[in-house]
1. State whether the residues of the stretch 143-150 include one that is out of contact with any Gly (no Cβ under 6 Å at 6 or more places or on another chain) and touching a residue at least 60 places away in the same chain (Cβ under 8 Å).
2. Scan (1) within 20 Å of V34 (Cβ to Cβ); (2) surrounded by 13 or more Cβ atoms within 10 Å (Cβ to Cβ); (3) touching a helix residue (DSSP H, G or I) at 6+ places or on another chain (Cβ under 9 Å) for the single condition L92 breaks and write down its number.
3. Out of R80, R87, R107, R50, I need the residue that is modelled with pLDDT of 95 or more, surrounded by 11 or more Cβ atoms within 10 Å (Cβ to Cβ) and either under 21 Å from E36 (Cα atoms) or in contact with a helix residue (DSSP H, G or I) (Cβ under 6 Å, 6 or more places away or on another chain) (or both). Which one?
4. Give me the helices (runs of 4 or more DSSP H) completely within the stretch 22-112, filtered to those with at least 1 residues that are within 14 Å of the chain's Cα centre (by Cα), ordered by residue number.
5. Restricting attention to the stretch 68-77, which residues are open to solvent by 90 Å² or more (accessible area, probe 1.4 Å) and either of a type outside the set (D, E) or in contact with a helix residue (DSSP H, G or I) (Cβ under 7 Å, 6 or more places away or on another chain) (or both)?
6. Take G177 and tell me if it is at positive phi, in contact (Cβ under 8 Å) with a residue 60 or more places away in the chain and of a type outside the set (D, E, K, R).
7. Say whether the condition of being closer than 17 Å to H124 by Cα and among the β-branched types (V, I, T) is met by at least one residue in the stretch 8-24.
8. Given the condition closer than 25 Å to T23 by Cβ, open to solvent by less than 80 Å² (accessible area, probe 1.4 Å), outside any helix (DSSP H, G or I) and not acidic (D, E), answer yes or no: does some residue in the stretch 132-149 qualify?
Amino acid sequence: TESKLLLERLEQQAKFTETVIETLLDGVAVCHEVTEYPHVRFTVWNRAMRDLTGYTLEEINCLGWYQTVYIQPEVQERARLRMNRMRQGEQLVREEWVITRKDGMRRSVEISTMIVPLAGNGTHVMATMHDITERKLNEEKLRTLSAAVEQSPASVVITDLDASILYVNPKFTEVTG
């Protein structure tokens, strides 16, 4: 009876952990190296990773991470060098990368990876991915708007609610001296 209760508790804990990982908003993946192609095998690939990449766990294990989301050989090599740095103890936190989804769309992501040593199972790598595509697009729009304001033939002044001047463009300076 005790063994059965313990087993039920362990199963409940495993299901809870699986549910937490599966419902995270950021992509979570855990993998380890293998000798056969594609040289990396994933054991965790949550819903957010499926949504972000367009690939299922089975597809990514068959096709390969580097081979599918990093299309250009030079980017694949840069990614492999990145993993080597991580294996040597370097923290890889919130690095910005561009990946290619299964449907060909490109997404900007922040990737953090860390080594997860598991007793008896060797070393695994856990990666979290946060989609920053919209933020990057907004940053580009802001840069474009900023350049337009800087080059505007009209005087531009930005103030806060207390009428303290926060910014003036070059035309304002030229007109007002």
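The values are calculated or read from the model by the stated rules, or taken from the named source; none is laboratory data. Keep in mind the model is a prediction, meaning the values are calculated, not measured. Cβ: placed from backbone, ideal geometry, glycine included. Neighbour counts: every protein chain shown. Quick note on the areas: whole protein, heavy atoms, side chains included, nothing else; ligands and nucleic acids left out. Shrake-Rupley method; radii C 1.70, N 1.55, O 1.52, S 1.80 Å.
1. In the first step, residues of the stretch 143-150 are kept if they are out of contact with any Gly (no Cβ under 6 Å at 6 or more places or on another chain); the result is 143-150.
Applying the additional criterion that residues be touching a residue at least 60 places away in the same chain (Cβ under 8 Å) yields none.
No, that holds for no residue.
2. (1)
3. On the way: R80 fails: modelled with pLDDT of 95 or more; R87 fails: modelled with pLDDT of 95 or more; R50 fails: either under 21 Å from E36 (Cα atoms) or in contact with a helix residue (DSSP H, G or I) (Cβ under 6 Å, 6 or more places away or on another chain) (or both).
None of the others qualify; the one that does is R107.
4. 47-53, 65-69, 73-87
5. Hits for the stretch 68-77 are I71, P73.
6. On the way: at positive phi: yes; in contact (Cβ under 8 Å) with a residue 60 or more places away in the chain: no; of a type outside the set (D, E, K, R): yes.
Considered against the rule, which asks whether it is at positive phi, in contact (Cβ under 8 Å) with a residue 60 or more places away in the chain and of a type outside the set (D, E, K, R), G177 comes out as no.
7. Within the stretch 8-24, one or more residues are closer than 17 Å to H124 by Cα and among the β-branched types (V, I, T).
8. Yes.
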